Structures are given as C-alpha cells and as structure tokens.
Amino acid sequence: MDLVCYACGERSEPISRTRCSCGEPLWIDVPAPSTWPASSDPGMWRYERVLPTDVPSGVGAAAGGTPLVRTPAFDAEGVGTYVKDEGQNPTGSFKDRGSAVGVAAVAAGGGTRVGTVSHGNMAMSVAAHAAAHGLDCTVLVPADISDERLSNIARYDPEILRVQGDYGDLYRRTLSPGVETPFLNSDTPLRVAGQKTTAYEICEAFSPSVPDAIVLPVSSGGHLSGLWKALRELQAGGLLDRLPRLYAVQAAACDPIVRAFEAGETAVSGIEKRETVAYSIANADPPSGNRALAALRATDGGAVSVREDEIREAQRRFARDGGFRVEASSAVTLAGVSRLRERGEIREGEDAVLVVTGSGFKESIEADVDAETIDLSDLDRRLS
Ligand SMILES: *Cc1c(COP(=O)(O)O)cnc(C)c1O
Ligand SMILES: [Zn+2]
C-alpha cells in the first residue's frame, strides 16, 4: 500500500508522511475491490482487504458497522431520506473509524505514544483507542476549551495540554518532521483510510443500486476525502456503475469550502470565522479543503451553508420528528438537504443519505421542557 497524491499523482513513502511535495494531502492507495466482502469481521473491519491494518483487539473492533436507517419522517417533496447513524460508534462519532486504523497502525509499528490536535470528538476518539492499545496519548486542546468538552476527553485519561496560540499553526506544527510522536490529525492518511469505510457501508447497503446523494457536514475535509476515496475504489473495481453525488454542508458562520465552491475556485482560502453551535465543523482554514472541492466537483455534487437558527431547528427536528439525538454539527445535514431540494440540486424521486456524524448525547442542551406536576391520585383521570 502506497501513499499517492490525488492532485499530481506523485507516489511517496513512508506511510507516516502526510503531505505531497506539491503541498496537497496524501492518501493510501489500495488495489480496487472487485467483489463485496464475504467477511464475518466486525463493523468496518468487514472491509479489511482495503484497509492498511488488521482487525485490532479492543474497542477498535467496535468501530463502524453503523445502521443506515430509512427515515420517511425527513422525506421532503419526494426525496427518499436515509440516516447513516455515526453516533453509534464507541465514542459517538465517525472519528472512531479513523482512530481505529491510525492507532492500530502506530501500535503495530511498535510506537508507544500517539497525539492529536482536537477540542472534541477526535480527542475523545484517539484517547479511547490509545487506551485500548495501552499507548500513551497526548491531546493538544485550545486553551479556551469548555469544561464540559474537557471532561469528556479527560475520562479516557490522556495527557492534555491546553495550548495558547493559533490553532491552525498548531495543526501544522504537529506534522513537522521534528515532532517524534505520530499525530493522528483530521486528514492524516491513516485516518482517511479508516474513514472511507462510511461510504463502503452506504454503497454496499444500496448495492446493486446507488444512492443519488450523500450529504455530510464538512470541516477539515478529512471525512469527505475518505468518502471520495471509497467511491473511486468502488468504481475502479466495477462495484458502482455511477457515483453518488457528494454534498458538503457547513455553518454559514464558518464556511470556507462553500465559499470557494461557489466562487468556482480550486483552492480554499482561510477565513475569519464567527461563533457557531456546530463547533465540530468550525475549521476556518481546512487542511483538506482543496481535496474536498475536488471531491464535490468530481462527483457532480455541491456545497451549501446553513444559518444558526436553521441548525438549531434541524437539531430539534432530528429528535422530535425522527427520534435521533444528534450533535448540532450533524444537524446541518437536515437543514442542508432542504436547501438543496429547494434549489433543485436534489430532485423528486431521488434518494439522499444524511451522514449524522456525531451523537448529541455528549453535549448538554437547553430544551424547552413542558412537564406538569400532578398528584398520584389524579393519575387515572389523566391517563384515561
Ligand atoms: C470531525 C467532525 C466533523 C467534520 O469532519 P472533517 O473530517 O473534519 O471534515 C463533522 N461532524 C462531527 C460530529 C465531527 O466530529
Ligand atoms: Zn501532489
């Protein structure tokens, strides 16, 4: 398995490299699969043949294999809607797919420590998988992280360093050759390799048909890159006769990829971001932004931003109408699919898969509570 650049085609080694000499992120090339696996391996390890590591023992074996749920409650004007529920991963997000591969690879190579730069799901996930392999773990968080998120990470007992300074610089610094600890950041090749299995699962579930659209929240572009990689592999192996269209949804408060897409650019520029409830998708200078743009265009998909009020309403609708407790960052998919339907980018009679990237159970919420106190003696009357 080689590293290859999607942009210029250059091949490189070793597997620990993350960037091509042209500056773009690398990904891991594997021989295209020509059949769906006849495998009894758990979760995402069903696709072990196209993964760079073997099934790990411990929590990594529980990554992926998430439900794809038909959700008529979200059908809008003739679009058949499905939810890919990544909240059911061991730490509640798709990040476990990438961590399972990345941490297993570090352990298999004899490493004793892994690191990550994250203030949320990725930190929890890397720390959890490191714990299962008995590896030390260093998590670099921004100094102003909330106590709630810090506690969620600390539960897995990594070394946590609160870093003051620019977060984008921090990300790049951890990938520089002088750093000995392998950092499993959002778009490192091992992580993207694991995260491609989201699309393997969706496509196999639809096979021999193909979903028309896959709609997902995008921040660094690592997950979207993985989905695109999977589609390319499946198409090369003859397992897809056409490509699903990939759609990126971002919060309008931080939407550098949507802006670049709409402006017809081939490169994403960093922006000044505003506050958003969708904190997991608030990367203002996405490291795989250019690759994300290429993925959207190559699949004839698109990009859309949604406002804060739309995100909050979509998050309520996910629970109230569908029974899904999703992170605000994942709720953007429902708001996004309505917008895409209005614009005619997703049409009547088509199927759309909403990738619910993370569970809402780890965020505290302020819900409008309507709960009356009654006396037990009144119960019969109230229930009749
Ligand atoms: C990390 C994350 C994303 C964004 O994924 P990228 O690979 O950074 O684009 C979306 N939703 C949730 C819940 C996440 O944790
Ligand atoms: Zn290149």
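Karplus-based coupling profile of region 270-286, in residue order and whole Hz: x, 10, 7, 9, 9, 5, 9, 5, 8, 5, 6, 10, 10, 7, 7, 9, x, with θ = phi - 60° in 6.51 cos²θ - 1.76 cosθ + 1.60 and x standing for Gly or Pro. Stretching E275 away from A38 to a fully extended chain increases their span by 80.7 nm, per 0.36 nm per residue minus the current alpha-carbon distance.
By the scheme Lys and Arg +1, Asp and Glu -1, what is the net charge of all other residues having a beta-carbon under 13 Å from that of R191? Residues close to R191 contribute a combined charge of +2. Each semi-axis of the equivalent ellipsoid for the chain is √(5λ) with λ an eigenvalue of the Cα gyration tensor; in descending order they amount to 31, 26, 22 Å.
Percent antiparallel among DSSP beta bridges with both residues in the chain, to the nearest 5? Could the numbers behind the result be given before it?
Numbers: 12 of 42 bridges.
In the chain, DSSP labels about 30 percent of beta bridges as antiparallel.
Residues whose amide H lies under 5 Å from that of V114, counting only those 5 or more places away or on a different chain, are D136, C137, T138; hydrogens are built 1.01 Å from N in the peptide plane. Taking θ = phi - 60°, what integer Hz values does the Karplus form 6.51 cos²θ - 1.76 cosθ + 1.60 yield along region 141-153, in sequence order, with x for Gly and Pro? Here the 3J(HN,Hα) series is 10, x, 4, 8, 4, 6, 4, 4, 5, 4, 5, 4, 6 Hz.
Listed by chain and number, the lysines whose alpha-carbon sits under 17 Å from that of K362, ignoring those within fewer than 8 places in the same chain, are K95. Based on protein heavy atoms only, region 83-213 ends up with 37 Å² per residue of surface accessible to a 1.4 Å probe. Surface composition of region 320-384: carbon plus sulfur atoms hold 45% of the accessible area, using a 1.4 angstrom probe and ignoring ligands, DNA and RNA. Rounded to whole numbers, the Karplus 3J(HN,Hα) couplings from phi for region 193-202 are 4, x, 6, 5, 5, 4, 6, 4, 5, 4 Hz, using 6.51 cos²θ - 1.76 cosθ + 1.60 with θ = phi - 60°, and x at Gly and Pro. Remark on region 20-152: ratio of C-alpha radius of gyration to 2.2 N^0.38 Å is 1.23.
Using a/c under 1.5 as the rounded threshold, could you call region 103-182 rounded, prolate or oblate? The axes a ≥ b ≥ c are square roots of the C-alpha gyration tensor eigenvalues, and prolate needs a/b larger than b/c, oblate otherwise. Since a/c reaches 1.5 but b/c is at least a/b, the shape of region 103-182 is classed as oblate. Expressed as a fraction of 2.2 N^0.38 Å, the C-alpha radius of gyration for region 196-316 is 1.07.
Net charge in the neighbourhood of R70 (other residues with Cβ under 13 Å of its Cβ; Lys, Arg +1, Asp, Glu -1) is -2.
The values are calculated or read from the model by the stated rules, or taken from the named source; none is laboratory data. Since this is a predicted model, take the numbers as computed values, not measurements. Here the Cβ is made from the backbone with ideal geometry for all residues, glycine too, and neighbour counts use every protein chain on show. Side chains included, ligands, DNA and RNA excluded: accessible areas come from the protein's heavy atoms. Shrake-Rupley method; radii C 1.70, N 1.55, O 1.52, S 1.80 Å.
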